[in-house]
Amino acid sequence: MKDDTQESGGRRRYFQYAVFALAALLVVSLGLVLIPREPSPPAAPPFSEQARASAFADSLNLRAAGLDLEGTAGATAPAPQAAALARIVTLLTVQARALMLPADAAGDPALDRAATAPVPAPSTALATVTRPSTTADFAAALQASGAQRLHDAETADGGMARLLAGTGTAQLLAAEDLASATGIALAALPGSGPSSPASPAPTLPVSASVAAGCAGEAADPAASTGADLGSALASAVQGELELVYAYQAALTRLNSGSAAPASTFLAQHGVLRGEAEAMGRSRCATVPPRQPGYVLSPAFLADPAAGLGTLEAGTLPVLGDVVALSEGRERVWALSALQSAARRTVHWRASPGPVPGMVLDEALLPPLPEPVSTPGTSTTSTPGNS
């Protein structure tokens, strides 16, 4: 009798233990289900978007610095310096509008602080240049931003590469313009030449292996690798052929002060023509034949310097196409050719535009999210109207 009681008591204890264990397991399971999992860190944006956001932040920083310098100098600044600053503020305004996305236009507080803070705030981490406070620092910062944009353009996606290339080229030219107007000496950029493009492509005849590959590709209509780039290179060759002829015709009509740089530019176009032809053939493109002459307008003959500027500016969108469609060494060549063409355009007093290599309709660009005010002054700038 006693043994039966002890046995039933032991069973009850085992049953209680099992119930408690099951309850504990249920509580732990519910706790694991109810405790929210830590969210995964957001994926890093693509490189092209990072480069665009950095370029946009830099344009706002530099624009605000330019407005500050305009407000500080006021009427005491020499006329060339004041005019250069006004041109740069307008340039940076257009570039910021071109680089802006709808999310930026919604009024990101970080971007507002980046544009109005007197000193760089932690929210301006995307910016690659620190807001300058003197004209010399401003020119150096503008040059550094331009160099960064061109560096990013080497690896960015096609359309973004073109936008970054044009933005960087215009900023380098603006820095040089300000330095010339104020007597500031800019530091030379590593590996940069004032007007000599890089030469990544040999100007040798197409090899037999490349010719055979092109023949095979022509036999297969479905094979179209590099066709768009080949067409762009063919257009570049056509532009170089016309410019070579134009410079040859202009040399006999230019004054002595303009003839020397024109002779140098003629030699550059000869090199560019050969390089573009070689790259076009390597892409199985039909290279335009060299003609004995081209038609020159009466306006060109009357003012060859202005005519050369117009022709140089006309090659910029074509080189922008090559930038967007190429990669690797061909893109490096196109970026250098774009810079040298923009400099020749400026030399002949023509406008390369706010983003050389792109045709922008400024009326279609969105306005900046907020007016930029300069701390300590009453100077304000309405977005898009600077």
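The values are calculated or read from the model by the stated rules, or taken from the named source; none is laboratory data. The structure displayed is predicted, hence computed values, not measured ones. Every residue, glycine among them, receives a Cβ derived from its backbone with ideal geometry; neighbour counts consider all protein chains shown. SASA here: full protein model, heavy atoms, side chains in, ligands and nucleic acids out. Shrake-Rupley method; radii C 1.70, N 1.55, O 1.52, S 1.80 Å.
Points worth noting:
- One decimal place: the segment Ala302-Leu22 gains 90.9 nm when fully extended, by the rule 0.36 nm per residue minus the C-alpha distance.
- Two-site label geometry, Thr252 and Ala136: point separation in nm, points 7 Å out along Cα→Cβ: 5.0 nm
- Computed across the stretch 233-299, the Kirkwood radius stands at 12.7 Å (inverse of mean 1/r, all Cα pairs).
- Proximal charge balance of Leu325 [Cβ under 13 Å; K/R count +1, D/E count -1]: -2
- Taking 7 Å steps out from each Cα toward its Cβ at Leu101 and Thr155 produces label points 1.9 nm apart.
- Cβ-derived FRET efficiency at R0 35 Å, Thr286 paired with Ala185, nearest 0.05: 0.15
- The stretch 240-382: C-alpha gyration tensor shape, a/c 1.5 cut-off, then a/b vs b/c: oblate
- Spin-label pair Ala79/Asp361, simplified geometry with 7 Å Cα→Cβ offset, distance in nm: 3.7 nm
- Atom-type composition of the exposed protein surface of the stretch 214-365 places 55 percent of the accessible area on carbon and sulfur (1.4 angstrom probe).
- Residues Phe265, Phe20 ordered from highest to lowest accessible area at a 1.4 Å probe: Phe20, Phe265.
- Placing a label point 7 Å from the Cα of Ala86 along the Cα-to-Cβ direction, the residues of the stretch 332-354 with a backbone N closer than 20 Å are 349-354.
- Length released on extending from Arg329 to Val295, taking residue separation times 0.36 nm less the Cα-Cα span: 8.9 nm
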